[in-house]
Structure formats: structure tokens, C-alpha cells
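Asks: The structure under discussion is supplied below as C-alpha cells; questions concerning it will follow.
The values are calculated or read from the model by the stated rules, or taken from the named source; none is laboratory data. Quick caveat, the model's predicted, so the values are computed rather than measured. In this analysis, Cβ positions are derived from the backbone assuming ideal geometry, glycine residues included, and neighbour counts consider all displayed protein chains.
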Amino acid sequence: MKIGIIGAMAQEIEILRQVMVEPKVTELAGCKIFEGKINNTRVALLQSGIGKVAAAIGTTLLIQLTQPDMIINTGSAGGLDPDLNVGDILISTEVRYHDVDVTAFGYEIGQLPANPPTFSPNEQLVELAQKEAKKSRLQCGFRLNL
């Protein structure tokens with residue numbers, strides 16, 4: 001199994017890069033991809049740059065060049081909730097755009113034409129993440145609509 005991990009800025013991926021064993025670095029289109037192992041798991045760590053376009057370009061490159069089995073996003077997520085702190089871990093069960101408004105054409109706020117209003121991750125990956133979080137020493141909780 002290979003896990004792809006995406007972060008926009010060097011600061012968001014630095015701790016992971018430091019524990020990566022024998023990283024191989026690829027630089028392309030303003031992105032850096034570090035491939036190696038973390039805890040004996042193959043990892044492709046992407047530093048994409050800031051913004052949705054940079055994330056889309058980087059994610060496309062990550063998939064094409066490394067073919068990960070799953071992709072995890074790490075970073076500040078824009079600091080959307082004042083109750084969240086650096087180091088908090090969120091497991092998304094549903095995501096939506098927060099910077100799109102085509103309601104004048106009959107769509108929900110955040111919905112793009114020809115797309116659903118929300119997107120859901122793979123249920124098995126959500127269950128696995130929740131199971132591992134509960135096994136850890138991390139404080140866990142459940143919240144809606146961050």
C-alpha cells in the first residue's frame with residue numbers, strides 16, 4: 001500500500017518529511033514530491049503550493065507519478081473554526097465548496113453545476129481513520145458543519 005499525503009506549504013509537511021526514510025525528491029510544475037517510507041509504509045508526500053489550482057495540479061501529478069492507494073490532506077484548512085488548534089486531526093465524512101455561489105441558477109450554495117452539493121470520501125477509509133484515532137492517545141469527538 002502507498003499513501004499519498006498532500007500539504008500546501010513546507011511547514012505543513014515538514015514533520016512528516018523529517019521522519020521519512022530515504023526520501024527521493026521529484027520537482028515538477030512548482031510541486032515537490034517526496035517518496036519514501038514512514039513507519040514501514042510507502043508514502044508519497046506532496047508539497048503542492050497554496051490554493052485550489054496548485055492543489056489540483058499537485059494532486060494530478062501525485063496520482064500520475066506515484067499511483068497512491070489513498071490520499072490524505074494535511075494542513076491548516078484555512079483555519080475555518082476558532083475552536084480548532086494546530087495539531088488537531090479532522091476526519092471528514094462530507095466536504096463541500098465554501099467559495100462558490102451559483103444559487104441564481106438554482107444550485108445550492110457551494111454546489112458547482114453538474115456536480116453534487118457535497119462530496120463524500122471512501123467509507124472504508126473513514127472507518128479505518130476513526131478506528132485508528134480511537135486506538136491512539138488522542139482525544140476524539142464528533143462535530144458537524146465546521
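Asks: Would region 95-107 turn up any residue that is assigned by TED's automatic domain parsing to the domain that holds GLU12, assigned to a loop (DSSP other than H, G, I, E, B) and either of a type in the set (Gly, Ala, Ser) or farther than 19 Å from LEU16 by Cβ (or both)? Talk me through it step by step, then tell me what you get.
Replies: We begin by selecting, within region 95-107, every residue assigned by TED's automatic domain parsing to the domain that holds GLU12; these are none.
So far as region 95-107 goes, no, none of its residues is assigned by TED's automatic domain parsing to the domain that holds GLU12, assigned to a loop (DSSP other than H, G, I, E, B) and either of a type in the set (Gly, Ala, Ser) or farther than 19 Å from LEU16 by Cβ (or both).
For every residue, the table says whether it meets (1) under 26 Å from GLY110 (Cα atoms); (2) touching a helix residue (DSSP H, G or I) at 6+ places or on another chain (Cβ under 7 Å).
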position: ILE6; (1), (2): yes, yes
position: GLN11; (1), (2): no, no
position: GLU27; (1), (2): no, no
position: ILE38; (1), (2): no, yes
position: THR66; (1), (2): no, no
position: ASN85; (1), (2): yes, no
position: THR93; (1), (2): yes, yes
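Asks: When you look at GLN67, is it over 19 Å from GLU12 (Cβ atoms), modelled with pLDDT under 95 and surrounded by fewer than 16 Cβ atoms within 10 Å (Cβ to Cβ), yes or no?
Replies: On the way: over 19 Å from GLU12 (Cβ atoms): yes; modelled with pLDDT under 95: no; surrounded by fewer than 16 Cβ atoms within 10 Å (Cβ to Cβ): yes.
Here the answer is no, as GLN67 does not meet what is asked.
Asks: Follow-up question, since we're still on this one. Taking the criterion of being closer than 21 Å to GLN124 by Cβ and surrounded by fewer than 19 Cβ atoms within 10 Å (Cβ to Cβ), would at least one residue in region 45-62 satisfy it? Lay out the reasoning, then the answer.
Replies: Keep residues of region 45-62 that are closer than 21 Å to GLN124 by Cβ, which gives 59, 62.
Keeping just the survivors that are surrounded by fewer than 19 Cβ atoms within 10 Å (Cβ to Cβ) gives 59.
The answer is yes, given that some residue of region 45-62 is closer than 21 Å to GLN124 by Cβ and surrounded by fewer than 19 Cβ atoms within 10 Å (Cβ to Cβ).
Asks: Residues to consider are ILE71, ILE13; find the one that is part of a strand (DSSP E or B) and either on the phi < 0 side of the Ramachandran plot or of a type in the set (A, V, I, L, M) (or both). Break it down into steps so the answer makes sense when it comes.
Replies: Details: ILE13 fails: part of a strand (DSSP E or B).
After applying the criteria, what remains is ILE71.
Asks: Quick check on ASP88: is it assigned to a loop (DSSP other than H, G, I, E, B), farther than 22 Å from LEU46 by Cα and either of a type in the set (Asp, Glu) or at pLDDT 90 or above (or both)? So that I can check it myself, show each step before the final result.
Replies: Working: assigned to a loop (DSSP other than H, G, I, E, B): yes; farther than 22 Å from LEU46 by Cα: no; either of a type in the set (Asp, Glu) or at pLDDT 90 or above (or both): yes.
Here the answer is no, as ASP88 does not meet what is asked.
Asks: Given the condition closer than 18 Å to PRO121 by Cβ and polar (S, T, N, Q), answer yes or no: does some residue in region 5-23 qualify? So that I can check it myself, show each step before the final result.
Replies: Initially, region 5-23 is screened for residues closer than 18 Å to PRO121 by Cβ, giving 5-7.
Now narrow it down to the ones that are polar (S, T, N, Q): none.
No, region 5-23 contains no residue that is closer than 18 Å to PRO121 by Cβ and polar (S, T, N, Q).
Asks: Being out of contact with any Lys or Arg (no Cβ under 7 Å at 6 or more places or on another chain) and small (Gly, Ala, Ser): is that true of ALA44 here? Reasoning before the result, please.
Replies: On the way: out of contact with any Lys or Arg (no Cβ under 7 Å at 6 or more places or on another chain): no; small (Gly, Ala, Ser): yes.
No: the conditions fail for ALA44.
Asks: Looking at GLY75, GLY49, GLY36, GLY30, which one is touching a Cys at 6+ places or on another chain (Cβ under 7 Å) and touching a residue at least 12 places away in the same chain (Cβ under 8 Å)?
Replies: Numbers: GLY75 fails: touching a Cys at 6+ places or on another chain (Cβ under 7 Å); GLY36 fails: touching a Cys at 6+ places or on another chain (Cβ under 7 Å); GLY30 fails: touching a Cys at 6+ places or on another chain (Cβ under 7 Å).
Only one candidate qualifies: GLY49.
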